Amino acid sequence: MLSSNSFLLIIVLLLLSILIEPLVHKIRMPISIVLVLIGFIGSEISISLFGVDTGIRWDNFKIIISYIILPVLIFQAAIDINFKLLFKNLVPILIMALPLMILSTFVTATGLYQGINHAAGFPLIAALITGALLSATDPASVISLLKRDNAPERLRILLQGESLFNDATAIVLFSILISLATQSQETTSWVMMLVRFIEVFFGGLLVGIFIGFIATIAIKYLGNNQSTAMVSIFSAYSSFILSEDVFHFSGVIAVLSCGITLGSLLQEYFSEKSFISQLWLLLAKMAESIIFLLAGITITLSMFVDQWLAILIGIVAVIFSRVVIIFGTFPFLSLMPGIQSISLKQQTILVWGGVRGTVTLALALSLPLTLDYWYTIQSIAYGVVIFTLVFQTLTLPILLRKQD
């Protein structure tokens with residue numbers, strides 16, 4: 001269990017991040033990078049100057065990340081999206097978030113496996129796990145830049161919708177690959193893994209839709225903000241636990257479909273959605289801050305010294321896979337009937353706007369230490385997230401200006 005020192009450290013670092021946030025926004029630096037730095041420096045000071053062990057270990061992360069943080073992140077993104085624009089652009093979003101996300105996983109995994117070229121220390125399953133967690137995009141900082149620069153709203157919804165669905169898909173695929181990797185004997189075939197993916201995906205989808213309808217009826221019946229808040233929290237976590245632990249489907253997909261069902265019905269018929277949005281925006285901000293702080297606390301300089309080549313290969317593989325799935329498929333996607341064409345300029349923004357963040361870090365933090373290659377995967381994840389958040393986010397405004 002987490003010690004009192006761990007909670008105290010996280011609370012102090014959260015307070016510090018809140019105090020310096022206005023300055024961070026003023027200098028236009030990504031708050032996520034600042035949180036990682038705060039976590040790293042705070043952990044080093046705690047250990048070096050005061051001799052206090054943070055008490056933060058991997059076995060703490062599994063329950064915290066899987067059952068507390070990820071449901072918050074997924075539900076908030078699902079309930080707060082513009083549903084009219086989402087449904088209008090649903091076909092390209094689903095293509096980006098499902099088949100293209102799986103393709104991205106395999107392209108990234110192939111690049112990592114061939115680039116590292118160490119089958120004993122970094123087998124194919126390790127490359128696939130890494131590819132899955134690196135396929136989860138986090139465009140929050142990019143969306144704010146697009147809004148500030150008055151970029152087309154369709155471009156924003158494509159990035160936001162892709163992230164909403166591919167985060168959930170990446171988590172499902174990651175979980176299945178982890179189960180496969182931790183088996184004592186590799187008795188599961190790829191066909192069985194595909195069947196299991198379909199089962200947990202669509203099973204979770206149905207559970208979430210059912211809970212979402214029930215929650216909507218309850219909110220309409222109760223009719224006040226306090227009840228709305230309680231029902232929304234109950235629906236998010238009950239859909240996760242019911243799907244994950246009772247039916248053994250995907251809890252994350254259940255949370256996603258529950259959030260979309262609840263959010264779309266509230267937006268169309270009721271007036272409570274704005275209150276729920278503010279509540280979940282606050283919860284998601286806290287969850288994201290904790291993830292980045294935990295990444296900073298667990299990060300070590302030796303990662304970038306010992307694993308620099310693997311990190312570099314990971315960065316190249318992620319960018320290459322992004323180029324392949326966007327530039328390689330969108331010209332054909334635009335030819336499909338009923339789908340508005342996506343210009344080459346917008347495709348370029350989609351490529352460079354595919355940054356990695358909270359979900360990638362959360363999955364990296366949840367890696368079982370029983371895997372011999374967990375440290376390499378976590379190092380690659382940290383390196384890719386830092387690169388995309390710093391370099392891609394900070395250079396995107398330049399790219400946006402060139403698009404005008």
Taking every pair of alpha-carbon atoms in the chain, give the share separated by more than 42 Å as a whole percent. 8
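Is any helix in the chain, taking whole DSSP H runs, at least 18 angstrom long along its axis by alpha carbon and on average at least 0.0 on the Kyte-Doolittle scale, and which ones?
Values: long enough: 4-26 (34 Å, 1.80); 31-48 (25 Å, 2.13); 99-116 (25 Å, 1.17); 153-182 (43 Å, 0.97); 190-222 (47 Å, 1.94); 225-241 (24 Å, 0.66); 251-269 (27 Å, 1.32); 273-298 (37 Å, 1.33); 308-327 (28 Å, 2.70); 374-387 (20 Å, 1.26).
Taking the DSSP H segments of the chain (at least 18 Å long, mean hydropathy at least 0.0), we get 4-26, 31-48, 99-116, 153-182, 190-222, 225-241, 251-269, 273-298, 308-327, 374-387.
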Listed residues Ile313, Ile102, Ile18, most fluctuating in the chain (Gaussian network, C-alpha, under 10 Å): Ile18
From the convex hull of the Cα coordinates of the stretch 206-365, what is the mean projected area in square nanometres? 13.2
If each residue's Cβ is checked for other Cβ atoms within 10 Å, how do Met96, Met303, Met336 rank with the fewest at the top? Met336, Met303, Met96
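Taking a 22 Å limit on the Cα-Cα distance, which of the listed pairs Lys26/Lys345; Lys88/Lys285; Lys26/Lys147; Lys84/Lys285; Lys26/Lys285; Lys84/Lys147 fall beyond it? Intermediate results must be reported in sequence, preceding the final value.
On the way: Lys26/Lys345 29 Å; Lys88/Lys285 28 Å; Lys26/Lys147 17 Å; Lys84/Lys285 25 Å; Lys26/Lys285 19 Å; Lys84/Lys147 18 Å.
Over 22 Å apart, Cα to Cα: Lys26/Lys345; Lys88/Lys285; Lys84/Lys285.
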Charge dipole (debye, nearest 20) of the chain; +1 at Cβ of Lys and Arg, -1 at Cβ of Asp and Glu: 1040
Using a Gaussian network for the chain with springs between C-alpha atoms less than 10 Å apart, which of these wobbles most: Glu244, Glu288, Glu153? Glu153
Unit charges at the beta carbon, dipole of the chain: most positive-side option, Ala218, Ala126, Leu399: Leu399
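Once you list every other residue whose beta carbon is under 11 Å from the beta carbon of Asn89, what net charge do they have if Lys and Arg are +1 and Asp and Glu are -1? The partial results should precede the final answer.
Working: positive: Lys84, Lys88, Arg154, Arg156; negative: Glu153, Glu162.
Combined, the nearby Lys, Arg, Asp and Glu give +2.
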Counting Lys +1, Arg +1, Asp -1, Glu -1, what net charge surrounds Ile380 among other residues with beta carbon under 14 Å of its beta carbon? 0
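Only the coordinates and a few stated rules stand behind these numbers; no lab work does. All figures in this text were calculated on a predicted structure; none of them were measured in a lab. Please note: Cβ atoms are built from the backbone with ideal geometry, for glycine as well, and neighbour counts cover all protein chains shown.
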